[in-house]
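The structure appears below as structure tokens.
The values are calculated or read from the model by the stated rules, or taken from the named source; none is laboratory data. The shown structure was predicted, so the numbers you read here are calculated from the model rather than taken from an experiment. Neighbour counts are summed over all protein chains in view; Cβ atoms, including those assigned to glycine, are modelled from backbone coordinates with ideal geometry.
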């Protein structure tokens, strides 16, 4: 069953009253030929009037303001999403030689997804990964993207808390570790330096639990937090998802919420407020099939983690609030 229920709760706890809080969120899943957003609901406490628009990348952005003084801000989104099998065009993957040949206009058409960005600069240190991926590619564009994703999964360690929300590719390279935001940025850096368009994907992964423990990492990255991966534009095929954190191609269990050039385009929650109070952030995500093994529909209740526990996200400077993409 490819029908999933998503519940995402974010709480900001302030140690003194704050006011005039202006916020925007990117939490509504995409609705296109690969997935259907059957329902979406956004609730804030204190209560607010929410407006919505689409940004330059086609993502849904919801804005709301809280003017009275408050010590706690809660943002809760709830969605039901139906994932579809992608259509197969039956075309063979373009070779790297054909991609490099004359007449290729991919870079010009998707310039924003090839150019370096703040989080994904074109660093000389990425060239070794790029060369290794090309050697393992089998000579095709699709093979190069998959090989690059595999190399990042093999060479970098997933370490919760190793980096923070503002970390760039340079930080992950120096540490040899990171979280899925870093893994996605690394893959973007490698494919873009090769001339392939790549875009950052914010969303969720539905954990696939089993008895042999293979689903443990999926439980970490998908069970209680947002997730991030990369889509690469393959000429003749289109955008294809690769998840270097899990070491797998993106599947029907990858629920897409927003696209961007890097994390800076798609933070789940971003805002500012008036006041000199510090803040603590707690986030809870639940992504589960809508029906259980017996075919019965269910809704699992959840709430944000206790504020007395250390928040997994790094608090931002007072007067700014932003939720980290993933853990």
Checking 14, 22, 53 in turn, the sole residue that is part of a strand (DSSP E or B), surrounded by 18 or more Cβ atoms within 10 Å (Cβ to Cβ) and in the same structural domain as residue 274 (by TED's automatic domain parsing) turns out to be 14
Does residue 309 fit the bill of being surrounded by fewer than 18 Cβ atoms within 10 Å (Cβ to Cβ), part of a helix (DSSP H, G or I) and either at pLDDT below 95 or in the same structural domain as residue 20 (by TED's automatic domain parsing) (or both)?
no
Boolean, residue 280 is under 16 Å from residue 228 (Cα atoms), outside any loop (DSSP other than H, G, I, E, B) and at pLDDT below 95
no
If we scan the stretch 26-42, do we find a residue that is in contact with a strand residue (DSSP E or B) (Cβ under 9 Å, 6 or more places away or on another chain), surrounded by 13 or more Cβ atoms within 10 Å (Cβ to Cβ) and farther than 22 Å from residue 80 by Cα?
no
Does residue 212 satisfy being at pLDDT below 90 and either over 25 Å from residue 7 (Cα atoms) or part of a loop (DSSP other than H, G, I, E, B) (or both)?
yes
Among all residue pairs at least 6 apart or on different chains, which show Cβ distances below 8 Å where the first residue, located in the stretch 38-49, is under 12 Å from residue 23 (Cβ atoms) and the second is surrounded by fewer than 14 Cβ atoms within 10 Å (Cβ to Cβ)?
46/68
Residues that are out of contact with any strand residue (DSSP E or B) (no Cβ under 7 Å at 6 or more places or on another chain) and in a helix (DSSP H, G or I), drawn from the stretch 183-203
183, 185, 186, 189, 190, 193
Which pairs turn up if I take residues in the stretch 120-149 that are farther than 20 Å from residue 229 by Cβ and look for partners that are not in a helix (DSSP H, G or I) with beta carbon separation below 6 Å, at least 6 apart in sequence or on another chain?
122/116; 139/95; 140/93; 140/95
When residue 161 is run through (1) crowded, with 20+ Cβ neighbours inside 10 Å; (2) under 22 Å from residue 265 (Cα atoms), the failure sits at (1)
Within the stretch 59-69, is even one residue within 21 Å of residue 180 (Cβ to Cβ) and outside any loop (DSSP other than H, G, I, E, B)?
no
Suppose the filter is in contact with a strand residue (DSSP E or B) (Cβ under 9 Å, 6 or more places away or on another chain) and free of Cβ contacts under 8 Å to residues at least 40 places away in the same chain; does residue 3 pass it?
no
